[in-house]
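The values are calculated or read from the model by the stated rules, or taken from the named source; none is laboratory data. Every value quoted in this text rests on a predicted model; they were computed, and no experiment measured them. Note that each Cβ is placed from the backbone with ideal geometry, even for glycine, and that neighbours are counted across all protein chains shown.
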Amino acid sequence: MYESLSPFAFIFLRALSGIIPPIPGFMVDIIGIALFGPIFGLLYAEPGVMLGAVVSFFIARKSRDSFLAKKLFLQKIHQWEDKISKNRKFWALVLLRLPTNTIFDYLNYAIGLTKIRFSTFFFSTLIGSLPSMIFFYLFGGWALQQGIYYFALFLVIIVILWLIFRKVYNKKAGTDLLKFEKTL
């Protein structure tokens, strides 16, 4: 009986990792690979990723008009956003998603602060997240099928890459924030 609920529990856990940014989604994905294999794990993970992204987007969208609307930062975002056409916003978001998996959760909140339409956010997130998810699940599944040592190596490589990218993005975000504050 509980086995039939496990995919739903996994989807919920994967969504939760997108809503609470300190929970790394790739750790939940590793559980998905181990429990369901690469194909079913991916089929269960992607709805969880999208559910977490949507909830994050709407949390930010709901709070946008309250305390954030008073900040000049939000006005600068809207000025930048107004300069971009609808079609370019979509593809810009898709391209933004591809290399930024380590800050995926934060981007969902940030995009929720913009005036970008929900449909643009949703479909650009779906298209932008799929390539890395497919790669992660297929390569992780292959490593698991090869044996525990390959899977352990896969885990070590993923954790190291995650730490490196997180450090690089945090450093870059910090310098960008300082530059932005100087323009205010």
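ILE157: surrounded by fewer than 17 Cβ atoms within 10 Å (Cβ to Cβ) and either at pLDDT below 85 or assigned to a helix (DSSP H, G or I) (or both), yes or no? Yes. For segment 118-132, filtering for residues that are over 19 Å from SER56 (Cα atoms) and surrounded by 15 or more Cβ atoms within 10 Å (Cβ to Cβ) leaves 1.
Evaluated against (1) surrounded by fewer than 18 Cβ atoms within 10 Å (Cβ to Cβ); (2) touching a residue at least 40 places away in the same chain (Cβ under 8 Å); (3) in a helix (DSSP H, G or I), MET50 falls short on exactly one condition, (1). Would you point out the residue of segment 53-66, among those that are polar (S, T, N, Q) and in a helix (DSSP H, G or I), that is farthest from SER4 (Cα to Cα)? Among them, the one singled out is SER63. In segment 16-44, the residues that are touching a residue at least 24 places away in the same chain (Cβ under 8 Å) reach residues that are among the basic types (Lys, Arg) and in a helix (DSSP H, G or I) with C-beta atoms within less than 9 angstrom, at least six apart or across chains, in these pairs: PRO24/ARG166; GLY25/ARG14; ASP29/ARG14; GLY32/ARG14; TYR44/ARG14. Among the conditions (1) buried (at least 17 other Cβ atoms within 10 Å of the Cβ); (2) part of a loop (DSSP other than H, G, I, E, B), the only one that PRO22 does not satisfy is (1). Does LEU126 satisfy being modelled with pLDDT of 85 or more, under 19 Å from GLY52 (Cβ atoms) and under 12 Å from the mean Cα position of the chain (by Cα)? Yes; evaluated as a whole, the condition is true for this residue. Just one of the numbered conditions (1) within 16 Å of SER129 (Cβ to Cβ); (2) surrounded by fewer than 23 Cβ atoms within 10 Å (Cβ to Cβ) is not true of MET27: (1). Residues in segment 133-146 that are surrounded by fewer than 20 Cβ atoms within 10 Å (Cβ to Cβ) and aromatic (Phe, Trp, Tyr) were compared, and the one that is nearest to the chain's Cα centre (by Cα) is PHE135.
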